[in-house]
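The structure appears right after this line, and notes come after that.
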Amino acid sequence: KQWYQRRVAITAGGLAGEKIRWEDSATILETKLGFLVGDCLIASAFTSYMGPFLSEYRDALVNKEWLPCVKRLNIPCDPEFTIANFLAKATDVREWNIKGLPSDTFSTENGIIVTRGLRWPLMIDPQCQAIKWIKNMEKGKLKIIDFQQSDFLRTLENAIQFGAPVLLQNVQETLDPSLSPILNKAVVKQGGRLLIKLGDKEIDYNPDFRFYITTKLSNPHYTPEVATKTTIVNFAVKEQGLEAQLLGIVVRKERPDLEEQKDTLVLNIANGKKKKVPTATLR
């Protein structure tokens, strides 16, 4: 009995300092839960429709159109909503930056749309920033194809069967009709197997398969059919985005200590969340 009381006292003493932080966290969580419906609504619209637009248009639509509309309809939402805070973890964003994705807000939003979208991404990438990021992110497994290759369909078949990522680069304003089953994700389940019909034959579909499409055209005009089959994401760098990217580069060059401190802080927070608090088993 004394051992039991001593263990309880030690545990209670160790957790006493966490009480205030837990109470604050609970209050913040309760507030965020109250905003969840409106935040999910705006986040869904953002990932579905914002991909082709530049940063100024995205900000205008969210802050001047969507948020006021949600408030008029009395749907609870965070008045300071940002897609980066709602749909991305700081550790994921930092990892994207390490892999070559620029650290400005516009690029972070693009990364979220590419990784969270339900349709395969079609990236407008005249400066090749998206290609660099994808190649680094999928390094070692990525299959790179284009329509000039005579065997691109065979490469796609193998990647679909074995769950490898594929990058289709340098597309124009039209896509090969043979890609339609992949873009539509026309997967059927038969006897416990996932199958997709590619060309005139059915092949096994591995859920780990990932498909990325890029174009170097700076201002392409895609048909509604292509727009509904893919998630168009605009990686083209304009003046505002270039300013933010250059600012990040200057900070890394002039104050590497701040950049290192930021990396350490993000990693420490992530590791802290992963740790489980050991608890004594009372018998």
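Summary table
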| quantity | calculated |
| --- | --- |
| Inter-residue pairs, beta-carbon under 9 Å, first farther than 15 Å from Ile232 by Cα and in a helix (DSSP H, G or I) and in segment 46-70, second open to solvent by 50 Å² or more (accessible area, probe 1.4 Å) and among the basic types (Lys, Arg), 6+ apart | Glu56/Lys238 |
| Unique residue being among the hydroxyl-bearing types (Ser, Thr, Tyr), under 18 Å from Met123 (Cα atoms) and loosely packed, with under 14 Cβ neighbours inside 10 Å when the list is Ser44, Ser48, Ser55 | Ser48 |
| Residue tally, condition at pLDDT below 90 and not in a helix (DSSP H, G or I), over segment 224-255 | 4 |
| Residue that is closer than 30 Å to Leu246 by Cα, hydrophobic (A, V, I, L, M, F, W, C) and more than 17 Å from the chain's Cα centre (by Cα), where the choices are Ala26, Ala88, Ala60, Ala45 | Ala60 |
| Boolean, Ile144 is at pLDDT 90 or above, of a type outside the set (Lys, Arg) and closer than 21 Å to Lys32 by Cα | no |
| Elements of type helices (runs of 4 or more DSSP H) in segment 78-197, at least 2 residues being open to solvent by 50 Å² or more (accessible area, probe 1.4 Å) and over 30 Å from Pro68 (Cα atoms) | 90-98, 129-137, 152-162 |
| Residue satisfying condition, being loosely packed, with under 14 Cβ neighbours inside 10 Å and either within 30 Å of Asn110 (Cα to Cα) or among the basic types (Lys, Arg) (or both), within set Thr214, Thr223 | Thr223 |
| Residue match in segment 203-212 (condition: charged (D, E, K, R) and within 22 Å of Lys238 (Cα to Cα)) | no |
| Segment 198-223: number of residues that are under 24 Å from the mean Cα position of the chain (by Cα) and in a strand (DSSP E or B) | 6 |
| Any hit, segment 188-197, residues being touching a helix residue (DSSP H, G or I) at 6+ places or on another chain (Cβ under 6 Å) and touching a residue at least 12 places away in the same chain (Cβ under 8 Å) | yes |
| For Asn85: the one exception among (1) touching a helix residue (DSSP H, G or I) at 6+ places or on another chain (Cβ under 9 Å); (2) modelled with pLDDT of 85 or more | (1) |
| Residue that is touching a helix residue (DSSP H, G or I) at 6+ places or on another chain (Cβ under 9 Å) and on the phi < 0 side of the Ramachandran plot, where the choices are Ile28, Ile98 | Ile98 |
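The values are calculated or read from the model by the stated rules, or taken from the named source; none is laboratory data. What you are looking at is a predicted structure, and each value in this text was computed from that prediction instead of being measured. Every residue, glycine as well, gets a Cβ built from its backbone with ideal geometry; the counts of neighbours run over all protein chains shown. These area figures cover heavy atoms from the full protein model, side chains too; ligands, DNA and RNA do not enter into them. Shrake-Rupley method; radii C 1.70, N 1.55, O 1.52, S 1.80 Å.
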